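What follows is a single structure, written as structure tokens, with notes after it.
The values are calculated or read from the model by the stated rules, or taken from the named source; none is laboratory data. Computed from a predicted structure; not experimentally measured. Heads up, the Cβs are rebuilt from the backbone with ideal geometry, glycines too, and the neighbour counts pull from every protein chain shown.
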Amino acid sequence: MIRNALLRMVVARLALGLLSLLLVSLAVFAITSLLPGDTAQEQLGQAATPEAVAALRLQLGLDQPGWLRYLHWLGGLVSGDAGRSLVNGQPVAALIGARLPNSLLLAAATAVVSVPLALAIGISAAMWRGTAYDRGVSMLTLSIVSVPEFLVATAAVLVFAVHLRWLSALSYVSSIDSIGQFIRVFAMPVLSLCCVIVAQMVRMTRAALIDQLRAPYVEMAVLKGAGPIRVVWSHALPNAVGPIANAVALSLSYLLGGVIIVETIFNYPGIAKLMVDGVSTRDMPLVQACAMIFCAAYLFLVLAADLCAILSNPRLRHR
Amino acid sequence: MSGEALSDVPPPRRRRRWPLLGLLGGAIVVFWLAMAFLGGLVAPHDAGRIVDMDVFTPMTAAFPLGTDYLGRDMLSRILHGTRYTVGVALAATLLASGSGLVLGMAAATRGGWTDLVLSRCLDTLSAMPSKMFALVVVAAFGSSVPVLVLAAGIIYTPGAYRIARSLAVGIAAMDYVRVARARGEGTAYILREEILPNMTGPVLADFGLRFVFIVLLLSGLSFLGLGVQPPNADWGSLVRENIGGLAEGAPAVLMPALAIASLTIGVNLLIDNLGGFRRRGGEGA
Amino acid sequence: MADALLQVEGLHVTARNAEGETVTIVRDVGFALARGEVLALIGESGSGKTTIALSLLGYARPGCRIAGGRIQLGETEILSLSAGELRDIRGRRVAYVAQSAAAAFNPSRRIMDQVVEAAMIHGTASRAEAESEAVELFRALALPEPFRIGARYPHQVSGGQLQRLMAAMALIARPDLVILDEPTTALDVTTQIEVLRAFKNVVRQRGTTAVYVSHDLAVVAQMADRIIVLRDGQMREEGPTPQILDAPAHPYTQSLLAAAAPRPRAPGSLPEAAPPVLRVEGLTAGYGPADAGGMPLIPVLRDVGFEIRRGAALGVIGESGCGKSTLARVVAGLLPMARGSMRLGEEALPPDIARRTPDQLRRVQLVFQSADTALNPSRTVAQILGRPATFFHGARGAERDRRVAHLLELVRLPKGLADRLPGELSGGQKQRVNLARALAAEPELILCDEVTSALDTVVGAAILDLMDELRRELGLATMFISHDLHTVRAVCDEVMVLYAGQRVELGAGSAMAEAPWHPYTDLLVASVPELRPGWLEQTAAPRTPEAPASRRSACAFFPRCPVAIPGICDRDPPPLRALAKGSEILCHREEAELLQMLPSRKEALV
């Protein structure tokens, strides 16, 4: 009965997430298929004969009504068939399949580095709020979040690759044989991504914890004789777990934006680079599939954030 | 009565002073806004003309910010680019915040189905990462200034809507709004006189933040080559086209990046110190 | 005092205000406290009482600083301790009970963990010892299920219980000194009396030395041996409780006492035959969709009827959640009623604002509780008052200015305030503007929702005086909603008691001083603390309520009623019963039964 209420909320939130994903797919498809021009015409160029265009239209299924094309496309996506690239004719699934692991590796490496780092900095800044350390952290993170990701990345290149010559400015994933090489290849992109994400996460973690540290129950704990460590760890943190988990999940969603820039700058063979190339060449099936992967990842992170908030609320856990 | 006069003292009337950082932020923002309109006039050179045989020259008296990869004057190019970076972002922000405000207030005052449908639609829109939405739109419609303004405007509408709606819902529950409704005032009066004036502070702050987000988004797009197209260039495109100068630390690649940073940090400083505005805004009424 | 446990000398506390200037908020305070003594710090908001109480723990809120003085606890000089030494004192030798237990308990930890925490921090007992001590305290504080309540989370117990749990939390490490900071202010009056009784018992049993901070003289009279009267951070008067209550020396103490025991404002001066301004019958209202019978999903008011005559004041009283504020909203048309009828003068009053004529809207005006939210912060006083003058009477330009000036005069405010914003007014001034805005419409009926509860006693009393004068001058009918029986009895000709949305009693204000009452009114009357020491001990303990009403009984008060008849009261709706004193009540009990079964409180209102 009690558990059921919580379970119902979780299930409802999951259902809402799926609905959002469906609506997003509709929006992506609508935008990319409402082209002012004609995909077939565009692909074949102005010199193509009307017969050739008509044949391609038929082959691409462009003569069918929009909703049917949407259903076909959606069915294809679900069954792993995202169509063929308009540029080189290869299956989109294969193109993505070759690149996706690289991007996942990059994202995982970034998350592994940034989450503990950000939590440590954010929590310590909140603990020593108002000190020079806290003010320094605040200024630095504010500066980082208010400049574009490409600036952080280019600055990183300038410092570590150009001036210090520690690291290589370009990444070639195919050539990893040793840990040292792994670090050399990944250090620059991961470092750049981390800068942005850590800054975001530190700000949100600090704010969530300070919000709790202002609560009357914290003053009460101080008046019971609790020291600063006890106040933070056994009083403020348990209540800040939800907001902090939320902050972590939302900050990681910045990864999705950051990865687009970072993969381009470092010429990293990931899915974001693939998508940017797809946009340049207007390779619609590729763009659609990549966009759906990014949107699904984003929705998953937002969902995780919401679930953390629901599950960490004592009023919901203990009715 | 004498008891009250003694213990019931009104707060003193004070005019809050502007904090120094707020002034600094304001000055930066005003400068760039002015450059967005006047940049072309005050630029020492034609932004497109090659004025130096050398490329990526460092800062000199003749070219205060050096020259770019073709030998064009960087200062002139940045001043010209202001129109695109600041102007396009401003237009998109006006679109986003304006429609967010209108829709948010409509949802808050009408409630019921209007609120439900609007909230659901805009939630869907915000379920796409901003860069992804922009990329998809650019892929579909190509990149031009109107497409960029529209895309950025639409992406950031849900956020503005959510803020405006929650502010309006909060104020609509205030007793002074109830009093006005009980008096029989119309919706238009209540929105204009009771709700809107009390939202200005937070809405302006949100406008500033949204402007920063849009500047970052558009610069990022331009940096990828998917934003403002040549021969025009905003600051993001300037970084992109001069990225070759990175290895030598040329001002051509650093200066446009610094321009972006100064703009966004300036806006942030201004917002953080916006508190000083409110009292004056109220008094002017 | 040679054997003083606590000695405070020349205490100064400063704070930094919004402009960054340093201001003194506590000035040269000194007192001594003997072991086993209970000292009260009394004062209104801003008097510095909480600041002084916190400095006894060596603690100053963010932005404040203890700038000077000595606080000697036994052999220890508190203000010279290091941070670590202070931690050792707090919770072990000096303990604190905060005003809002709901906020002071950590929502994500079990109650027991928090109650025994001080003992764990200071190592005064093992976990098992501390827990059994806690259970003892729970029992002494009359908490239900003392063995099991510790396993719950704070949101799972009631506010009154939390407040008592907080006392247990303070006493767990057997401190030398306990500070109780307005511990009952957030509670309903019927809950307050139980909490007070529990505190008093524990304090007496354990011989606790305590500092009791409050704004309420009547509460303090029950708890304290000595009283210090504070104002603007300075001590105004100090003395034993009876002396302060019976022979106050300082004029400020005298004004506090006068405001705490409001005199009736000569009721009954209106002609009996005055026509009714508002007549309400069978009013039912609530929230959520209505069922087939028009009953809303969450009914807040059920079958309420009353009338208010010209120039008369009807008091509406009941505890929080009883529906009294909803009643004002329904009459104002903000929440259309589900069933029933309302008549304004001779004409039917439509339930919804949209259907009311401008004239009907003008004749009924609302005045809300908190002037902070009732006045638009971005409009000047002249604009706030001018709008209704324009809206209802078409006043513009000089005529509008004239009306604004007249209104300010009416509520005894200087004309110079016209160009001020609400943020630049004091609490009392705001409430007067709030009132003036209602008067600007030239209404026949004003609905006042808790108009004095956010104000300090003295300021509130002045507002009540003003309203009473205005009522007479302008012949206004008033509906006066309050949780405070004193206030209602002092200003109202008639009193309506609401319980769980039902009108359990309606009668003349004078009849409220006479038994018998409805059992709920009886509980209410008995729970209002009196301004004399010993009242708490002499008042019979009401039957422990707080037994959750698991099912919907026919009589809403059944679960808490000391004279309920099981089998009848929980099955049949109570009948309307006329009492000899002229009041009507909703009760199964006969008048004689009530008189006989609830006899001990006849003297309660003398």
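Numbers below:
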{"read-out": "Some residue of the range A:53-71 being farther than 30 Å from A:ASN267 by Cβ, exposed (fewer than 15 other Cβ atoms within 10 Å of the Cβ), modelled with pLDDT of 85 or more and not assigned by TED's automatic domain parsing to the domain that holds A:ALA296", "value": "yes"}
{"read-out": "All positions within the range C:438-466 that are assigned to a loop (DSSP other than H, G, I, E, B), at the interface with chain B (Cβ under 10 Å from one of its Cβ atoms) and crowded, with 24+ Cβ neighbours inside 10 Å", "value": "C:LEU455"}
{"read-out": "Residue in the range C:505-512 that is away from every other protein chain (no Cβ under 14 Å) and acidic (Asp, Glu) present", "value": "yes"}
{"read-out": "Neighbours by Cβ (under 9 Å, 6+ apart or cross-chain): first from the range C:17-32, within 14 Å of another protein chain (Cβ to nearest Cβ); second surrounded by fewer than 16 Cβ atoms within 10 Å (Cβ to Cβ) and of a type in the set (A, V, I, L, M)", "value": "C:ASN17/C:VAL23"}
{"read-out": "Verdict on B:GLU194 being facing another protein chain (nearest Cβ under 9 Å) and outside any helix (DSSP H, G or I)", "value": "no"}
{"read-out": "Criterion: charged (D, E, K, R), within 17 Å of the chain's Cα centre (by Cα) and within 20 Å of C:PRO388 (Cα to Cα) - qualifying residue of C:ASP484, C:ASP449, C:ASP419", "value": "C:ASP449"}
{"read-out": "Check on A:GLY136, more than 20 Å from A:MET188 (Cβ to Cβ), out of contact with any strand residue (DSSP E or B) (no Cβ under 9 Å at 6 or more places or on another chain) and either charged (D, E, K, R) or not in a helix (DSSP H, G or I) (or both)", "value": "no"}
{"read-out": "Residue match in the range C:403-415 (condition: within 11 Å of another protein chain (Cβ to nearest Cβ) and not in a loop (DSSP other than H, G, I, E, B))", "value": "no"}
{"read-out": "Options C:ALA438, C:ALA454: the member that is under 30 Å from C:GLN360 (Cβ atoms), of a type in the set (A, V, I, L, M) and modelled with pLDDT of 90 or more", "value": "C:ALA438"}
{"read-out": "Subset of the range C:80-97 [facing chain A (nearest Cβ under 9 Å), surrounded by 24 or more Cβ atoms within 10 Å (Cβ to Cβ) and touching a helix residue (DSSP H, G or I) at 6+ places or on another chain (Cβ under 6 Å)]", "value": "C:ARG90, C:GLY91, C:ALA95, C:TYR96"}
{"read-out": "Residue match in the range C:363-374 (condition: assigned to a loop (DSSP other than H, G, I, E, B), at the interface with chain B (Cβ under 9 Å from one of its Cβ atoms), touching a strand residue (DSSP E or B) at 6+ places or on another chain (Cβ under 6 Å) and buried (at least 23 other Cβ atoms within 10 Å of the Cβ))", "value": "yes"}
{"read-out": "Residue within the range B:78-89 that is modelled with pLDDT of 90 or more and surrounded by fewer than 23 Cβ atoms within 10 Å (Cβ to Cβ) present", "value": "yes"}
{"read-out": "Residue under evaluation B:ALA164, criteria (1) farther than 29 Å from A:MET292 by Cβ; (2) free of Cβ contacts under 8 Å to residues at least 60 places away in the same chain, criterion not met", "value": "(2)"}
{"read-out": "Residue under evaluation C:PRO350, criteria (1) more than 9 Å from chain B (Cβ to nearest Cβ); (2) not in a loop (DSSP other than H, G, I, E, B), criterion not met", "value": "(2)"}
{"read-out": "Answer residue from the range B:211-227, given it is more than 9 Å from every other protein chain (Cβ to nearest Cβ) and over 15 Å from A:SER280 (Cβ atoms) and is farthest from the chain's Cα centre (by Cα) among those", "value": "B:LEU218"}
{"read-out": "Count of residues meeting criterion [in a helix (DSSP H, G or I) and either under 19 Å from C:CYS587 (Cα atoms) or at pLDDT 85 or above (or both)] in the range C:486-512", "value": "3"}
{"read-out": "Residue within the range A:28-39 that is modelled with pLDDT of 85 or more and under 30 Å from A:LEU311 (Cα atoms) present", "value": "no"}
{"read-out": "Set C:LEU576, C:LEU586: member being among the hydrophobic types (A, V, I, L, M, F, W, C), at pLDDT 85 or above and more than 27 Å from the chain's Cα centre (by Cα)", "value": "C:LEU576"}
{"read-out": "Qualifying positions in the range A:265-277 - at the interface with chain B (Cβ under 9 Å from one of its Cβ atoms) and free of Cβ contacts under 8 Å to residues at least 40 places away in the same chain", "value": "A:MET275, A:VAL276"}
{"read-out": "Residues located in the range C:379-400, provided they are part of a loop (DSSP other than H, G, I, E, B) and of a type outside the set (Gly, Ala, Ser)", "value": "C:ARG379, C:THR380, C:ARG396"}
{"read-out": "Residue that is crowded, with 20+ Cβ neighbours inside 10 Å and among the acidic types (Asp, Glu), where the choices are C:GLU537, C:GLU505", "value": "C:GLU505"}
{"read-out": "Test set (1) acidic (Asp, Glu); (2) touching a residue at least 12 places away in the same chain (Cβ under 8 Å); (3) over 26 Å from C:PRO574 (Cα atoms); (4) not in a loop (DSSP other than H, G, I, E, B) - C:GLU469 fails condition number", "value": "(2)"}
{"read-out": "Output for the range A:305-319, where each listed residue is among the small types (Gly, Ala, Ser) and either at the interface with another protein chain (Cβ under 9 Å from one of its Cβ atoms) or surrounded by fewer than 18 Cβ atoms within 10 Å (Cβ to Cβ) (or both)", "value": "A:ALA309, A:SER312"}
{"read-out": "Considering residues of the range B:107-163 that are away from chain A (no Cβ under 14 Å) and within 16 Å of the chain's Cα centre (by Cα) only, the residue farthest from A:GLY278 (Cα to Cα)", "value": "B:ILE163"}
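A quick yes/no check of all residues on (1) on the phi > 0 side of the Ramachandran plot; (2) among the basic types (Lys, Arg); (3) surrounded by 24 or more Cβ atoms within 10 Å (Cβ to Cβ); (4) within 8 Å of another protein chain (Cβ to nearest Cβ):
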position	(1), (2), (3), (4)
A:LEU286	no, no, yes, no
A:ALA289	no, no, yes, no
A:ILE293	no, no, no, no
A:LEU299	no, no, no, yes
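The rows are residues; the columns are (1) over 30 Å from C:THR24 (Cβ atoms); (2) of a type in the set (D, E, K, R); (3) within 23 Å of the chain's Cα centre (by Cα); (4) more than 14 Å from every other protein chain (Cβ to nearest Cβ).
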| site | (1), (2), (3), (4) |
| --- | --- |
| C:THR190 | yes, no, yes, yes |
| C:GLU194 | yes, yes, yes, yes |
| C:ARG197 | yes, yes, yes, yes |
| C:LYS200 | yes, yes, yes, yes |
| C:MET223 | no, no, yes, yes |
| C:ARG231 | no, yes, yes, no |
| C:GLN243 | no, no, no, yes |
| C:GLN254 | no, no, yes, no |
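Table: residues versus (1) within 12 Å of chain A (Cβ to nearest Cβ); (2) without any contact (Cβ under 8 Å) to a residue 24 or more places away in the chain; (3) under 24 Å from C:GLN163 (Cβ atoms); (4) not basic (Lys, Arg).
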{"position": "C:ILE52", "(1), (2), (3), (4)": "no, no, yes, yes"}
{"position": "C:PRO62", "(1), (2), (3), (4)": "yes, yes, no, yes"}
{"position": "C:MET112", "(1), (2), (3), (4)": "no, no, yes, yes"}
{"position": "C:VAL116", "(1), (2), (3), (4)": "yes, no, yes, yes"}
